[in-house]
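Shown next, in structure tokens, is the structure this report addresses.
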Amino acid sequence: MRWHLFNRRKRHFSPPVVIASSFLLLIFVGTLLLKLPISTVHSISWVDALFTATSATTVTGLSVFDPGATLTLFGELLLLTLIQMGGVGLMAFAVAVLILMGKKVGLQNRIYIQESFNQLSVGGTVKFLREILLFVFVVEGFAVGVLAAYWVPKFGWQDGIYYSVFHVISAFNNAGFSLFADNLTPFAGDPVVTIVLSSLFIVGGIGFVVVMEVVTKRSIRQWSLHTKMMISGTILLNLLSTIVFFVLEYNNMKTLGQFSFGDKLLTAYFQAVTPRTAGFNMISIGDMEESSLLYTLFLMFIGGGSASTASGIKLTTFMVIVVATISYFRGLSEPHLYGKSIKIDVVFRSLAIAAVSSMLVFGSLFLLTLTERIPLLPLAFETFSAFGTVGLSMGITSSISPLGEVILCIVMFLGRIGPLTVFFLLIRPKKEKYRFSYDRVHTG
């Protein structure tokens, strides 16, 4: 009888609850395993283990220690596993195991996959998941081959292949963890490393739905409005950001100023695309101009695409708000783009995401100013990086207090699952049964 009741309760768990719980479970297991003596060269604190597990599971990349110097081979492989499962999603891997075992995937599991990847219906979710996992491993495998062919002559067979596997998985899942002490700064201006890794985190951060649609629908006319917005928005924002960083850092001898013109352009491009949740860096973030740092905050807050390995408020959310604002000034009743109208409830949702995210970021930043004795800009940079699960830092992560680490862990977790998910867990939306009378409100 009790088992029967337990099953009934289990079936009533909503997809947001299960998805959030899967991330928490992965973080919990990762924390326990990182505390094992086999995981680290020397003992680390429970808070550091929690922070590292959270950072890996939420594919952030912030680290309180140098992974390459602190973690053993077992610890590095554990970190890589957390990154891969956190990027694609634990529920996706769980369903994949059922498929490999020949088990039937039930309706509830299909609903979880639908919720995880923002599918319109449960129909075809298993096929969609197969396509995603196949795409992930094919792309990662191809990238490993390309990068290994370049790195094996530099580092030898064993290190060359291992470094390639680690950085490819970290890049595709937008994690930003590196085994090199200075991240990717030794490879600034290197065309192979720049193009391979940036291509991976752009594809990983653009959204699996978009990738599948681009692959299956060759004609742009067949693309959905979401895909058109993501593709065009990504191209325009990356191009604009490359120009911004190139101009702002051109004469900064601590960043781009030391390179040739071609290397400046290539490195500026890498730094332009990495803040949208990738987390790698080819120049010292702490040495960047303040104008560049503020622009990086803007990019980290926007983030990547929905149902991807990226976080932030999402590019389409930002674009909807911009289009809606322009439509308001033009006196239009509905915002529209590419010949398609955008529903008002999508505008409301976008505004809610931006508002809740802003409150989360600034609320967390306020708490950190109380717990840390660190200047505001580096602290703000760390907070925005944690929310966008980016992983870029001005070099203060190791100086954060244990309480500050816990605050950033919460920010990383909420940034990965989405602030609105938390609100939907706490507050169940109700359908309006009546309307109130209108009254005047002065704004602006």
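Brief remarks on what is shown
- Separation between Cα centres of the range 32-83 and the range 190-204, rounded to whole Å: 25
- Judged by the mean number of other Cβ atoms found within 10 Å, the most tightly packed of the peptides 136-148, 392-404 leads the ranking 392-404, 136-148.
- Put a dot 7 Å past the Cα of LEU370, heading toward its Cβ, do the same for ALA352, and the two dots end up 2.8 nm apart.
- The overall shape of the range 209-256 is prolate: from the C-alpha gyration tensor, with semi-axes ordered a ≥ b ≥ c, the ratio a/c is 1.5 or greater and a/b exceeds b/c.
- 3J(HN,Hα) from dihedral phi, the range 333-340, Karplus parametrisation 6.51/-1.76/1.60, rounded to Hz, x for glycine, proline: 7, 9, x, 8, 8, 6, x, 10
- Cα gyration tensor shape for the range 270-409, rounded if a/c is under 1.5, else prolate or oblate: prolate
- Backbone amide hydrogens, once placed in the peptide plane, bring THR72 within less than 5 Å of THR40, VAL41, excluding anything fewer than 5 places away on its chain.
- Taking all Cα pairs closer than 8 Å and separated by 6 or more residues, the relative contact order of the range 208-270 comes to 25 percent.
- By average C-beta atoms within 10 angstrom, highest first, the peptides 376-388, 290-302: 376-388, 290-302
- Relative contact order computed over the range 123-280 (Cα-Cα under 8 Å; 6+ residues apart), in percent: 24
- Projected label distance in nm at ASP66 and LYS154, using a 7 Å step from Cα toward the beta-carbon: 1.7
- Net length gained if the chain between ASP182 and LEU332 were fully extended (0.36 nm per residue, minus Cα distance): 48.9 nm
- Packing, as the average of other Cβ atoms within 10 Å across residues, places the peptides 210-222, 36-48 in the order 36-48, 210-222, highest first.
- You can think of it this way: the chain between ILE344 and ILE235 has 36.6 nm of extra reach, that is 0.36 nm per residue less the Cα-Cα gap.
- Sites GLU290 and ARG221 - FRET efficiency at Förster radius 45 Å, r taken between beta-carbons, to 0.05: 0.55
- The range 314-354 - Rg over Rh from alpha carbon coordinates, Kirkwood radius: 0.93
- Note on LEU377 and VAL41: their simple-model spin labels are 3.3 nm apart, each label 7 Å out from Cα toward Cβ.
Each reported figure results from applying straightforward, stated rules to the coordinates on display, with no laboratory input. From a predicted model like this one, the values you see are computed outputs, not experimental measurements. Here Cβ is always computed from backbone atoms with ideal geometry, including for glycine, and neighbour counts include all displayed protein chains.
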